[in-house]
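Here's the structure, in structure tokens; my notes come after.
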Amino acid sequence: MANTYTLIASNTLSTSAASVTFSAIPATYTDLVLRCSIRDNSASSFVANTFRLNNNSSAIYSYTNLTGNGTTANSGRGSGLTELYSLTGTTPAATANTFGNAELYIPNYTGTAKKVSSAYGVSENNATLSSIAAYAGLIDLTSAITSIQVIALPTYSFVSGSSFFLYGIKNS
């Protein structure tokens, strides 16, 4: 069980950005946790965000997901992807002053085996819509993770006030 969370880096946007990157991640922890409070500039109610590890855009990412919005539940799978598609429904787009929350967890990020991940995201629009998504991911990457990029879908940007916090976890 984790007993120490250490903030490695954080970024709160003062202007819009299409992506946020944490680089030079030290290899001194057991696991990584990325927590986000985000909103984008699209006109859609809910959109997806993606992750890229070590700036690798090869087809090494796969996921299985469950989503729900209070009315409908869905599940899906994807493989051979160039980004880790997770956190669908985490940006309450075009909803003033409302941010979705998301978390990405990567255990054993310095190991030499393929990487697994879990992610979840929640969002609402200050009215009648809400959304939740949970993802399990597999990344065909056997080197240590040294950077994580959070990417808004093409043509969109994260707005000012969106915040990102990367933590390292040390197990005893």
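Read-outs throughout are calculated quantities, based only on the coordinates presented, and are distinct from any laboratory measurement. Note that this is a predicted model, so its numbers are computed, not measured. Glycine also receives a Cβ, built like all others from the backbone with ideal geometry; neighbour counts cover every protein chain displayed.
By how many nm would the segment from Thr15 to Ser163 grow when fully extended, if each residue of separation counts as 0.36 nm and the alpha-carbon distance is taken off? Could the numbers behind the result be given before it?
Numbers: separation 148, 0.36 × 148 = 53.28 nm, distance 1.13 nm.
This chain segment gains 52.1 nm when fully extended.
What number does the range 96-172 give for Rg over Rh if you use C-alpha atoms and the Kirkwood radius? Walk me through the numbers on the way to the answer.
On the way: Rg = 15.2 Å, Rh = 14.9 Å.
Checking Rg against Rh, the ratio lands at 1.02.
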| message | For a quick check, take a GNM of the chain with Cα springs below 10 Å and name the residue from Ser19, Ser123, Ser58 with the largest mean-square fluctuation. | response | Ser58
| query | Which label belongs to the value computed from this structure, given these candidates for Cα extents along the principal axes in Å: (1) 44, 34, 31; (2) 40, 37, 31; (3) 102, 38, 30? | reply | (1)
| Mind listing the phi-derived Karplus ³J(HN,Hα) values for the range 115-120, rounded to whole Hz, using 6.51, -1.76 and 1.60 with θ = phi - 60°, and x for any glycine or proline? | 9, 10, 8, 10, 8, 9
| What is the set of long-range amide H partners of Leu141 at a cut-off below 5 Å, with H atoms built 1.01 Å from backbone N? | Lys115
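Taking R0 as 35 Å, what FRET efficiency do you get between Leu7 and Thr155 from their Cβ-Cβ distance, rounded to the nearest 0.05? List each step's numbers first, then the result.
Values: r = 32 Å, r/R0 = 0.90.
FRET efficiency, Leu7 to Thr155: 0.65.
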| remark: 1/(1 + (r/R0)^6) with r = Cβ-Cβ of Asn97 and Thr146, R0 = 35 Å, i.e. FRET efficiency to nearest 0.05, evaluates to 0.50
| said: Could you give each residue of the range 48-58 its phi-based ³J(HN,Hα) in whole Hz, using Karplus coefficients 6.51, -1.76, 1.60 with θ = phi - 60°, and x for Gly or Pro? | reply: 9, 10, 10, 10, 10, 9, 6, 6, 8, 9, 6
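For the range 2-171, what does the relative contact order come out to in percent, with C-alpha contacts under 8 Å and a separation of six or more?
41
Could you work out how much longer the chain between Thr72 and Thr128 gets when fully extended? Use 0.36 nm per residue separation minus the Cα distance between them, nm to one decimal. Provide the component values of the computation, followed by the final result.
Details: separation 56, 0.36 × 56 = 20.16 nm, distance 1.37 nm.
Gain in length upon complete extension: 18.8 nm.
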